[in-house]
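Read through the structure below, which is laid out as structure tokens, and then see the notes.
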Amino acid sequence: MHILVINSGSSSIKFQLFQMPNERVVCSGLVERIGLENAEIHYKSEKTEITLTLQIENHKKGLEEVVKLLLDKEIGVVKNASEIGAVGHRVVHGGSTFAKTTLIDEKVKLKIKALFAIAPLHNPPNYAGIEVAEELFPKAKQVAIFDTAFHQTIPEVAYTYALPKELTAKNKIRLYGFHGTSHKYVSQKAIAHLGITNSKIITIHLGNGCSITAVKNGKSVDHSLGFGPVNGLVMGTRSGDIDQSIIFYMINTLGYTPKQVNNVLQKESGMLGLTGFSDLREIEAAAEKGDRDCKLALEINTYRIKKYIGAYVAAMNGVDALVFTAGIGENSDVVRKLVCKDLDFFGIDLDEEKNKIRSKTLREIQKENAKVKILVIPTNEEIEIAQQTYQLISK
């Protein structure tokens with residue numbers, strides 16, 4: 001069976017076509033900079049690897065271009081759209097409604113749409129991906145895999161906010177958590193690597209969006225992102241934790257509208273707000289040349305991660321391993337070094353030479369006799385989505 005995995009971001013679409021159940025990657029690619037004139041499609045199969053630059057106005061156009069490549073007579077991998085038996089969609093916010101992988105119907109779509117206000121950067125493009133896939137693959141089963149599902153095991157003591165009970169209960173206001181597909185995938189890899197039954201792992205997902213999870217015996221027990229995907233760690237353009245009174249100060253004293261405040265917190269803050277750059281590679285390069293703002297931003301970013309590590313060690317009463325994953329977590333030796341600095345009290349002791357080695361496979365980067373393992377594990381949300389999709393439709 002062919003399963004197409006679609007991971008729609010705010011301005012991008014990741015896609016992979018799998019042959020299941022053997023998990024063979026038939027083709028993969030990325031549509032990026034959607035809405036800009038210089039949008040690109042990267043496409044890789046066993047036959048070829050190409051990059052196209054063209055005008056892609058929206059997600060529908062992007063997916064249409066992907067389908068053209070899949071069906072192309074020379075470089076395509078399927079003869080017609082009906083060969084794709086299912087499409088697995090990453091959906092960021094499932095609220096308290098969805099605790100597991102779900103077949104998509106009109107009721108499910110309405111519930112996903114109802115959560116637009118909580119995840120405005122993510123759920124709308126996720127929803128757009130579903131609608132376009134339904135149109136382009138009418139015979140395929142559409143399946144939703146929710147980022148929030150892995151975090152449904154977080155206990156009440158950790159997910160409850162200290163707000164009036166009637167407010168939180170009526171409106172289902174609580175910590176939901178995100179990046180669950182990634183945290184689940186890498187934590188399972190870490191547990192298998194450690195070979196222990198009772199495990200305490202802290203998984204650190206660092207990309208343009210960032211989050212950290214306490215995983216005890218394979219289950220999420222606490223997480224840095226909450227009701228929406230803005231708080232917690234410092235991110236590319238999102239603020240992470242701030243004092244809530246700043247919001248009221250911006251509205252009541254500085255004259256911002258709630259919509260403007262939301263835009264600042266979601267799109268103008270984080271590393272972009274601190275440095276003028278959202279790409280960590282540019283920030284690291286500038287810091288290396290002595291740029292004070294970029295050096296300070298890296299320290300602010302990694303200091304926040306260290307604070308969460310300390311909190312989760314306390315919450316789990318120990319830690320067996322730290323796991324770094326996603327684009328920054330996997331590739332930035334600078335960030336990993338700053339995060340692990342001065343954590344020897346916890347038994348976290350980084351080997352700087354191992355840390356500099358680049359690899360696309362799971363690797364350990366702690367010193368030989370360190371108490372806590374420090375692992376770099378490449379995440380693969382797409383294979384996790386494909387596995388969950390196949391498991392659901394094969395029942």
If we keep only residues of region 312-360 that are hydroxyl-bearing (Ser, Thr, Tyr) and in a loop (DSSP other than H, G, I, E, B), then the residue surrounded by the fewest Cβ atoms within 10 Å (Cβ to Cβ) is SER359
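Kindly indicate the residue of region 169-217 that is of a type in the set (Val, Ile, Thr) and modelled with pLDDT under 95 and also nearest to THR148 (Cα to Cα) among those meeting that condition. Talk me through it step by step, then tell me what you get.
Going residue by residue through region 169-217, those that are of a type in the set (Val, Ile, Thr) are 173, 181, 186, 191, 196-197, 201-204, 212-213, 215.
If we keep only those that are modelled with pLDDT under 95 as well, we get 173, 181, 196-197.
On the way: ILE173: 14, THR181: 8, ILE196: 26, THR197: 25 Å.
The selected residue is THR181.
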Subset of region 338-374 (residues that are within 22 Å of the chain's Cα centre (by Cα) and within 19 Å of LYS307 (Cα to Cα)): LEU338, VAL339, CYS340, ILE374
As an exercise: evaluate ASN217 against (1) within 24 Å of THR379 (Cα to Cα); (2) touching a Lys or Arg at 6+ places or on another chain (Cβ under 6 Å) and give the number of the one condition it does not meet. (2)
Given (1) under 14 Å from SER332 (Cβ atoms); (2) buried (at least 17 other Cβ atoms within 10 Å of the Cβ); (3) of a type in the set (A, V, I, L, M, F, W, C), ALA285 misses just (2)
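To keep it simple, each residue is scored yes or no on (1) more than 19 Å from LEU206 (Cβ to Cβ); (2) in contact with a Leu (Cβ under 7 Å, 6 or more places away or on another chain); (3) in contact (Cβ under 8 Å) with a residue 60 or more places away in the chain; (4) of a type outside the set (Gly, Ala, Ser).
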position	(1), (2), (3), (4)
GLU352	no, no, no, yes
ILE357	no, no, no, yes
ILE365	no, yes, no, yes
ASN380	no, no, yes, yes
GLN388	yes, no, yes, yes
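Give me the residue from region 236-255 that is at pLDDT 95 or above and under 24 Å from GLY180 (Cβ atoms) and, out of that set, surrounded by the fewest Cβ atoms within 10 Å (Cβ to Cβ). Spell out the reasoning first.
Step one: of region 236-255, the residues at pLDDT 95 or above are 239-255.
Within this subset, residues satisfying the condition of being under 24 Å from GLY180 (Cβ atoms) are 239-242.
Numbers: SER239: 20, GLY240: 22, ASP241: 15, ILE242: 12.
That would be ILE242.
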Name every residue in region 47-95 that is of a type in the set (D, E, K, R) and within 18 Å of GLU382 (Cα to Cα), in order of residue number. ARG90
So which residues in region 151-178 are among the hydrophobic types (A, V, I, L, M, F, W, C), assigned to a loop (DSSP other than H, G, I, E, B) and touching a Leu at 6+ places or on another chain (Cβ under 9 Å)? ILE154, ILE173, LEU175, PHE178
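So which of THR181, THR213 ends up being outside any helix (DSSP H, G or I) and among the β-branched types (Val, Ile, Thr)?
Details: THR181 fails: outside any helix (DSSP H, G or I).
Unique residue meeting the criteria: THR213.
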Let me confirm something: among SER10, SER28, which residue is assigned by TED's automatic domain parsing to the domain that holds ALA81 and at pLDDT below 90? SER10
Does region 307-321 contain at least one residue that is within 30 Å of GLY85 (Cβ to Cβ) and either hydrophobic (A, V, I, L, M, F, W, C) or modelled with pLDDT under 95 (or both)? no
Residues being surrounded by fewer than 20 Cβ atoms within 10 Å (Cβ to Cβ) and touching a helix residue (DSSP H, G or I) at 6+ places or on another chain (Cβ under 8 Å): count how many of those fall in region 105-120. 4
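Among PHE345, PHE324, which is the only one that is out of contact with any Ser or Thr (no Cβ under 7 Å at 6 or more places or on another chain), without any contact (Cβ under 8 Å) to a residue 24 or more places away in the chain and of a type in the set (Phe, Trp, Tyr)?
On the way: PHE324 fails: without any contact (Cβ under 8 Å) to a residue 24 or more places away in the chain.
PHE345 is the lone residue from the list that is out of contact with any Ser or Thr (no Cβ under 7 Å at 6 or more places or on another chain), without any contact (Cβ under 8 Å) to a residue 24 or more places away in the chain and of a type in the set (Phe, Trp, Tyr).
Yes/no per residue for (1) out of contact with any Lys or Arg (no Cβ under 8 Å at 6 or more places or on another chain); (2) farther than 30 Å from ALA140 by Cα:
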| position | (1), (2) |
| --- | --- |
| ILE328 | yes, yes |
| ARG336 | yes, yes |
| GLU352 | no, yes |
| LYS356 | yes, yes |
| LYS360 | yes, yes |
| GLU364 | no, yes |
| LYS373 | yes, yes |
| LEU392 | yes, no |
So which residues in region 246-291 are hydrophobic (A, V, I, L, M, F, W, C) and either assigned to a loop (DSSP other than H, G, I, E, B) or not assigned by TED's automatic domain parsing to the domain that holds GLY209 (or both), if there are any at all? LEU254, PHE277
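Name the residue, out of LEU206, LEU167, that is surrounded by fewer than 24 Cβ atoms within 10 Å (Cβ to Cβ) and aliphatic (A, V, I, L, M).
Values: LEU206 fails: surrounded by fewer than 24 Cβ atoms within 10 Å (Cβ to Cβ).
Testing whether each residue is surrounded by fewer than 24 Cβ atoms within 10 Å (Cβ to Cβ) and aliphatic (A, V, I, L, M) leaves just LEU167.
The values are calculated or read from the model by the stated rules, or taken from the named source; none is laboratory data. Because the structure is predicted, anything quoted here is derived from the model rather than measured. FYI the Cβ positions are ideal-geometry reconstructions off the backbone, even for glycines, and counts take in every protein chain you see.
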